[in-house]
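Notes follow the structure.
The values are calculated or read from the model by the stated rules, or taken from the named source; none is laboratory data. None of the values given here were measured: they were computed from a predicted structure. So basically every Cβ, Gly included, is an ideal-geometry build from the backbone, and we count neighbours across all protein chains shown.
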Amino acid sequence: MDTHPQLLKGCWAEGWALDLHTASSRLTFTAGWLTERTAVGGELYHLKYELKREHLPALAKAAADFLKERLPEWRLDLIVPVPPSDTSRPFQPVEELARAIGALVGVPVALQVLRKVRPTSQLKEVEDAAQRRVLLQGVFYMAPHALHGLRVLIFDDLYRSGETLRAVCEVALQRGKAAQVYVLTLTKTRSKR
């Protein structure tokens with residue numbers, strides 16, 4: 001799958017998205033918004049919003065191929081997926097992707113080390129970054145020293161404003177005592193809303 005990695009800046013050592021989520025979006029008179037997705041964005045859309053599991057292997061392989069290039073430097077001990085906001089889905093794409101990626105690169109995946117202690121609304125509906133930050137305060141929990149001395153990859157499907165990843169990384173570093181935290185998402189939106 002064709003990717004165009006996007007650097008993600010934040011409180012982590014290094015972070016990347018495999019590509020932008022959309023290639024373009026334009027308003028038409030007949031069909032409303034016409035959105036063209038990148039290869040990764042299209043696969044993610046089918047997996048996450050249409051719940052088509054057959055798109056999972058290609059996404060996992062693209063992420064694993066990207067990670068394999070960084071493993072000699074990052075020396076990851078663990079992959080930690082971001083807990084889902086929408087728990088009503090019949091399967092959780094981020095968790096399943098993390099498991100598949102971990103199997104392909106030979107890095108264990110910890111699904112239970114990071115938890116949400118209270119539900120959050122779909123943050124894509126909240127445009128203000130400061131409001132997102134407030135909504136995410138105290139949402140994530142990790143046992144003290146749960147990642148002590150480990151080099152950890154925080155994995156999520158979509159980077160929008162970076163507030164979720166910031167909150168998770170702060171918990172991993174401050175409470176979990178991770179030695180180093182890296183970030184990988186499949187896609188990044190063009191806007192920060």
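Quick notes
- Test: residue in region 129-140 that is at pLDDT 85 or above and either closer than 23 Å to residue 16 by Cα or over 17 Å from the mean Cα position of the chain (by Cα) (or both): yes
- Matching option when the condition is within 26 Å of residue 59 (Cβ to Cβ), in contact with a Gly (Cβ under 9 Å, 6 or more places away or on another chain) and modelled with pLDDT under 95, among 160, 166: 166
- Within region 131-175, considering residues that are basic (Lys, Arg) and in contact with an Asp or Glu (Cβ under 6 Å, 6 or more places away or on another chain), the one surrounded by the most Cβ atoms within 10 Å (Cβ to Cβ): 132
- Count of residues meeting criterion [in a helix (DSSP H, G or I) and closer than 20 Å to residue 70 by Cβ] in region 136-183: 5
- Some residue of region 67-74 being touching a residue at least 60 places away in the same chain (Cβ under 8 Å), in contact with a Pro (Cβ under 9 Å, 6 or more places away or on another chain), buried (at least 18 other Cβ atoms within 10 Å of the Cβ) and under 22 Å from residue 1 (Cα atoms): no
- Apart from one condition, residue 100 fits all of (1) over 22 Å from residue 181 (Cβ atoms); (2) touching a helix residue (DSSP H, G or I) at 6+ places or on another chain (Cβ under 9 Å); (3) aliphatic (A, V, I, L, M); the exception is (1).
- If you go through region 1-44 and keep only what is aromatic (Phe, Trp, Tyr), at pLDDT below 95 and either part of a loop (DSSP other than H, G, I, E, B) or surrounded by 14 or more Cβ atoms within 10 Å (Cβ to Cβ) (or both), you end up with just 29.
- Per-region count, region 140-193, residues within 22 Å of residue 75 (Cβ to Cβ) and small (Gly, Ala, Ser): 6
- Taking region 90-105 as the range and being more than 16 Å from residue 116 (Cα to Cα) and not in a helix (DSSP H, G or I) as the test, the residues that pass are 90, 91.
- Members of region 60-79 found to be outside any helix (DSSP H, G or I) and either at pLDDT below 95 or in contact with a helix residue (DSSP H, G or I) (Cβ under 7 Å, 6 or more places away or on another chain) (or both), listed by number: 79
- Members of region 106-122 that are touching a strand residue (DSSP E or B) at 6+ places or on another chain (Cβ under 7 Å) and either charged (D, E, K, R) or assigned to a loop (DSSP other than H, G, I, E, B) (or both): 107, 108, 110, 111, 113, 114, 115, 116, 117
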